[in-house]
């Protein structure tokens, strides 16, 4: 069965899918559900990320969405709740934490490590052997060279 969860403010359905519960009550009612978190307001990156624990769902219940046209190298490792959109490439030995959003046509270079709750707008290019903290926003068409360290709570 297909269904959606969201606040009742949307009424009884969203695009033809029934609203069965408030978002924060989902895990209490449906223990076998998977969640997907994707940021939609980069200016609220840290604030919105703090909502995640309110769902009271185990980290492993967050689904990694990988678009069919994305390319993820076999040696890459990722945590939970990441969204990898169309045409994105994740290089060999890349490591990403949880709840990162890669919009269309991004590149995550080989041997790069990124933290949690980062947002990459379309066509972001992240060089190889780079280290990145948490809550980093990369704007449209941004590029980072190799072997850099980007600290947490940065906007590029």
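The values are calculated or read from the model by the stated rules, or taken from the named source; none is laboratory data. Fair warning: this is a prediction, and the values are worked out from it, not measured in the lab. Positions of Cβ are generated from backbone atoms using ideal geometry, with glycine treated the same way; all protein chains shown enter the neighbour counts.
For residue 82, are the conditions met, namely being on the phi > 0 side of the Ramachandran plot and surrounded by 17 or more Cβ atoms within 10 Å (Cβ to Cβ)? No. Regarding residue 59, is this residue out of contact with any helix residue (DSSP H, G or I) (no Cβ under 6 Å at 6 or more places or on another chain) and farther than 28 Å from residue 26 by Cα? In short, no.
Of all residues in segment 140-156, those that are in contact (Cβ under 8 Å) with a residue 24 or more places away in the chain and at positive phi have Cβ atoms under 6 Å from Cβ atoms of residues that are assigned to a loop (DSSP other than H, G, I, E, B) and surrounded by 13 or more Cβ atoms within 10 Å (Cβ to Cβ), 6 or more apart or on another chain, in 153/135. Among the residues of segment 104-114, the one identified as crowded, with 21+ Cβ neighbours inside 10 Å and either over 10 Å from residue 90 (Cα atoms) or touching a residue at least 40 places away in the same chain (Cβ under 8 Å) (or both) is 114.
Has segment 102-109 got at least one residue that is closer than 16 Å to residue 49 by Cα, within 13 Å of the chain's Cα centre (by Cα) and at pLDDT 95 or above? Before the answer, list the steps.
Residues of segment 102-109 closer than 16 Å to residue 49 by Cα: 102.
Now drop any that are not within 13 Å of the chain's Cα centre (by Cα), which leaves 102.
The next check asks that each one be at pLDDT 95 or above; those that pass are 102.
Yes, segment 102-109 has at least one match.
Scan segment 123-137 for residues that are over 13 Å from the mean Cα position of the chain (by Cα), within 22 Å of residue 46 (Cβ to Cβ) and crowded, with 17+ Cβ neighbours inside 10 Å and report the count. Write out each step before concluding.
First pass over segment 123-137, keeping only residues over 13 Å from the mean Cα position of the chain (by Cα): 123-133.
Checking which are within 22 Å of residue 46 (Cβ to Cβ) leaves us with 124, 126, 130-133.
Next cut, crowded, with 17+ Cβ neighbours inside 10 Å only: 124, 126, 130, 132-133.
So the count comes out to 5.
Residues checked against (1) out of contact with any strand residue (DSSP E or B) (no Cβ under 7 Å at 6 or more places or on another chain); (2) outside any helix (DSSP H, G or I); (3) over 29 Å from residue 33 (Cα atoms):
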| residue | (1), (2), (3) |
| --- | --- |
| 54 | yes, no, no |
| 57 | no, yes, no |
| 68 | yes, yes, no |
| 80 | no, yes, no |
| 93 | yes, yes, yes |
| 110 | yes, yes, yes |
| 128 | yes, yes, yes |
| 135 | yes, yes, no |
| 141 | yes, yes, yes |
